[in-house]
């Protein structure tokens, strides 16, 4: 029973993963400044990228910061 539940959880996480990335992109691209900054602080663009997904999200975050004339330090985690 535990094995089946684990498989189901993995499937849900995988299916939700695509949706989560879409939600993240929406926050980056069209979220309010407050939503965007809060998200970017949690995402932490200052870490070394270990995946292409992380690297691409950082590129999107930096692009919005550049568009709005904000310093990258604005989103440094506290």
Here are some conditions: (1) at pLDDT 90 or above; (2) surrounded by 13 or more Cβ atoms within 10 Å (Cβ to Cβ). Residue 21 meets all but one. Which one does it not meet? (1)
Options 70, 65, 60; residue that is in a loop (DSSP other than H, G, I, E, B), modelled with pLDDT of 95 or more and surrounded by 13 or more Cβ atoms within 10 Å (Cβ to Cβ): 70
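The values are calculated or read from the model by the stated rules, or taken from the named source; none is laboratory data. None of the values given here were measured: they were computed from a predicted structure. Note: ideal-geometry Cβ built from the backbone for every residue, glycine included; neighbour counts use all protein chains shown.
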